[in-house]
Amino acid sequence: MTEPATDFCWPVRVYMEDTDAGGIVFYVNYLKFMERARTEFLRQLGFDRNNIFSEQQMFVVHSVNAEYKAPARLDQLLSVEARVMQLKRTSVILRQNIYCNAELLCAGHVKLACVNRETMRPLPIPPVMHRALEQSLRTQD
């Protein structure tokens, strides 16, 4: 078993709507759990929806890598982590692992890109947000 790191973790309860007929979490719902944790992680850093989606910019998922290690089941309480792994001028990669009782269920990486809302072309991450993400990256070491 792998212990979750002392990163940002968001609790998620598995409900009936998250599972298939056998009570196992449907694979795509892990991505939804990751989305919730990312949103709350950014909120903790001081960035709500209005900061993330402005008139000029928005953040979009560029790519996702998810490895399913063990199933999550109905009524379990999960911990979904969000940890900055790499920060560039226009993008950030987060590790997004999902645990149940310290057992790694899903290992994921999500790359977010900052883009212009109209053109969908890359934009630099706003300086104040870039500094907060950079600080989060530095405090992990």
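The values are calculated or read from the model by the stated rules, or taken from the named source; none is laboratory data. Bear in mind the structure is a predicted one, so any value in this text is a computation, not a measurement. Here the Cβ is made from the backbone with ideal geometry for all residues, glycine too, and neighbour counts use every protein chain on show. These area figures cover heavy atoms from the full protein model, side chains too; ligands, DNA and RNA do not enter into them. Shrake-Rupley method; radii C 1.70, N 1.55, O 1.52, S 1.80 Å.
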Just to verify a number: what accessible area does I125 come out at with the full protein assembly present, 1.4 Å probe, Å² rounded to tens?
10
Order the following by accessible area, largest value first: L87, L105, L74. Probe radius 1.4 Å; ligands, DNA and RNA are ignored.
L74, L87, L105
Simple SL model, points at 7 angstrom along Cα→Cβ for A102 and L31; separation in nm is 3.2
Against the longest principal axis of the chain, how steep is helix 27-44, in degrees 0 to 90 to the nearest 10, with axes from Cα atoms?
50
Probe 1.4 Å - accessible area at D75, Å² to nearest ten
100
In square angstrom, what is the accessible area per residue of the chain with a 1.4 angstrom probe?
59
With the crude spin-label approximation of a point 7 Å out along Cα→Cβ, what separation in nm comes out for F53 versus L87?
2.4
Cut-off under 5 Å, modelled amide H: who pairs with N97 long-range
E81, G108
Cα long-axis angle, helix 127-138 against the chain (0 to 90 degrees, to the nearest 10):
50
Straight-line reach from K69: which lysines have a Cα under 26 Å away, not including same-chain ones fewer than 8 places off?
K32, K111
Need one value: the accessible area of H109 in square angstrom, 1.4 angstrom probe, rounded to the nearest 10.
80
With P(r) over Cα pairs in 10 Å bins from 0, in percent as the read-out, I listed (i) 12, 42, 34, 11, 1; (ii) 12, 41, 31, 15, 1; (iii) 9, 17, 17, 16, 14, 11, 5, 4, 4, 2, 1; which label goes with the value calculated from this structure?
(ii)
Report, to the nearest whole %, how much of the accessible area of the chain belongs to carbon and sulfur atoms, 1.4 Å probe, protein only.
50
Compute a Gaussian network model of the chain, connecting alpha carbons closer than 10 Å, and tell me which residue from A66, A102, A37 fluctuates the most.
A102
Whole-Hz Karplus ³J(HN,Hα) for the stretch 49-64, in order, using 6.51 cos²θ - 1.76 cosθ + 1.60 and θ = phi - 60°, x for Gly and Pro?
3, 5, 6, 7, 10, 9, 4, 9, 10, 7, 9, 10, 6, 7, 7, 9
Going by amide H atoms built from the backbone, whose H comes under 5 Å of the H on F26, apart from near neighbours?
T19, D20
What number comes out for the charge environment of I52, summing +1 per Lys or Arg and -1 per Asp or Glu over other residues with Cβ under 11 Å away?
+2
Per DSSP H run of n ≥ 4, the term is -39500 (n - 2.57); total these for the chain, divide by its residue number, and report the mean residue ellipticity at 222 nm rounded to 500 deg cm²/dmol.
-7500 deg cm²/dmol
Between L77 and D20, the two model label points (7 Å from Cα along the beta-carbon direction) sit apart by a distance in nm of 2.8
Given H placed on each backbone N at 1.01 Å, which residues far from R117 in sequence or on other chains put an amide H within less than 5 Å of it?
Q57, M58
